[in-house]
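The values are calculated or read from the model by the stated rules, or taken from the named source; none is laboratory data. Predicted model, so just to flag it, every value in this text is computed and none were measured. Positions of Cβ are backbone-derived with ideal geometry, glycine not excepted, and every protein chain shown enters the neighbour counts. All accessible areas refer to the heavy atoms of the entire protein, side chains included, with ligands and DNA or RNA removed. Shrake-Rupley method; radii C 1.70, N 1.55, O 1.52, S 1.80 Å.
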Amino acid sequence: MSATSFASSADLGEKQQTLEVLADGVYALTAEGDPNIGAIEGEDFLVCFEALATPTAAREWLTKLREHTDKPVRYLVLSHYHAVRVLGASAYDAEVIVAHENTAALITERGKQDWESEFGRMPRLAKDPDSVPGLTWPTLSFADRLTIDLGGNRGELVLEFHGRGHTEGDIVAWLPQQKILFAGDLVEAEAALYTGDAFHRDWSTTTLDGLAALQAETLIGGRGAVSHGRAEVDAAIAQTRHFLSVMLGEVGAVQQRGGTLKQAFEATHAALYERYGHWPIFEHCLPFDVSRVWDELSGVERPVIWTADRDRAVWDQLQG
Ligand SMILES: [Zn+2]
């Protein structure tokens, strides 16, 4: 694919989806770098993690999941507000839709613009876009931690906020008994990071420190394969941290010598390319990533809202 095709607009080949049973009643669906999702069985209910981009896409996942369990979905957990993670929610018929309180506020503030932006960037994920009935509204939100008792001897599922990161309101789902962590987009495993709505300094330090301290033995990141075992889990977290640190270092250096955004993009691209250039969505993400790093280091506290028009303008300036 040419780097000059806007975002992932030319990436239209189907990805192979793989459902993995990680432990008794714990499921992950990965898709060769497309967004991952998960499900956790309670004694008489299901918790689903992430909703995909449209109800049609979500129903295909639920059909696979229904080969393993027919329990009703009590909780649908949204790790953050991004459209390709939340707009399939109506397919689940969930009793409760859970998110961080900042995610609920972000959907109100910028959900509509994000929907248009993401469906333009990633048309393949927006399968049957007319099946989306509207924005997804969480019905239960929290600030720090929410524990769901799974019943029987299944232990508990802990939903936690570890600080600002990929967005202002990412949460992870942690199974302390099985040591399995659903990390959402806070960790990617051999897939490029999207950081256009991120807080790079918090994410690369305290937020990832919080995730690493859980000492997970299995990790499901936002994209890429499941990380099995402590070595792979640590490698995924270290890769995420390194990607962020390189961007901060390169953009910061260009700013300090009075350079331009375009120069910052070129320097960052050069620094990351050899190690990460072949990973999914690298070329797609980098203009948006560098734009946000630039803003963050310039003192713009909260990410500027991405719109379909702003996406094209930044793309043309940096990748054009
Ligand atoms: Zn995201």
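Some values worked out for this structure:
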| quantity | calculated |
| --- | --- |
| Hits in region 211-234 - residues which are more than 17 Å from the chain's Cα centre (by Cα), part of a helix (DSSP H, G or I) and touching a residue at least 40 places away in the same chain (Cβ under 8 Å) | GLU232 |
| Residues (surrounded by 21 or more Cβ atoms within 10 Å (Cβ to Cβ) and either of a type in the set (D, E, K, R) or in contact with a helix residue (DSSP H, G or I) (Cβ under 8 Å, 6 or more places away or on another chain) (or both)) located in region 1-40 | ALA7, SER8, TYR27, LEU29, ASP34, PRO35, ILE37, ALA39 |
| Residue satisfying condition, being open to solvent by 30 Å² or more (accessible area, probe 1.4 Å) and either within 13 Å of the chain's Cα centre (by Cα) or among the small types (Gly, Ala, Ser) (or both), within set ALA126, ALA105 | ALA105 |
| Counted residues, region 71-83 - those being open to solvent by 10 Å² or more (accessible area, probe 1.4 Å), in contact with a strand residue (DSSP E or B) (Cβ under 6 Å, 6 or more places away or on another chain) and either assigned to a loop (DSSP other than H, G, I, E, B) or within 9 Å of the ligand (Cβ to nearest atom) (or both) | 1 |
| Some residue of region 174-192 being more than 22 Å from THR30 (Cα to Cα) and within 16 Å of the ligand (Cβ to nearest atom) | no |
| Inter-residue pairs, beta-carbon under 6 Å, first closer than 19 Å to GLY222 by Cβ and in region 262-282, second part of a loop (DSSP other than H, G, I, E, B) and open to solvent by 70 Å² or more (accessible area, probe 1.4 Å), 6+ apart | TRP279/GLU190 |
| Filter result for LEU248 (part of a helix (DSSP H, G or I), within 16 Å of the ligand (Cβ to nearest atom), surrounded by 15 or more Cβ atoms within 10 Å (Cβ to Cβ) and not aromatic (Phe, Trp, Tyr)) | no |
| Pair list, Cβ under 9 Å, 6 or more apart: region 172-191 residue assigned to a loop (DSSP other than H, G, I, E, B) and open to solvent by 20 Å² or more (accessible area, probe 1.4 Å), other residue away from the ligand (no atom under 15 Å from the Cβ) and of a type in the set (S, T, N, Q) | GLN177/ASN153; GLN178/THR218; LYS179/GLN215; LYS179/THR218; GLU190/GLN239 |
| Candidates LEU29, LEU52, filtered to the one that is modelled with pLDDT of 95 or more and under 16 Å from the mean Cα position of the chain (by Cα) | LEU52 |
| Qualifying position, being within 16 Å of HIS82 (Cβ to Cβ) and either among the acidic types (Asp, Glu) or surrounded by fewer than 21 Cβ atoms within 10 Å (Cβ to Cβ) (or both), among ARG223, ARG154, ARG164 | ARG164 |
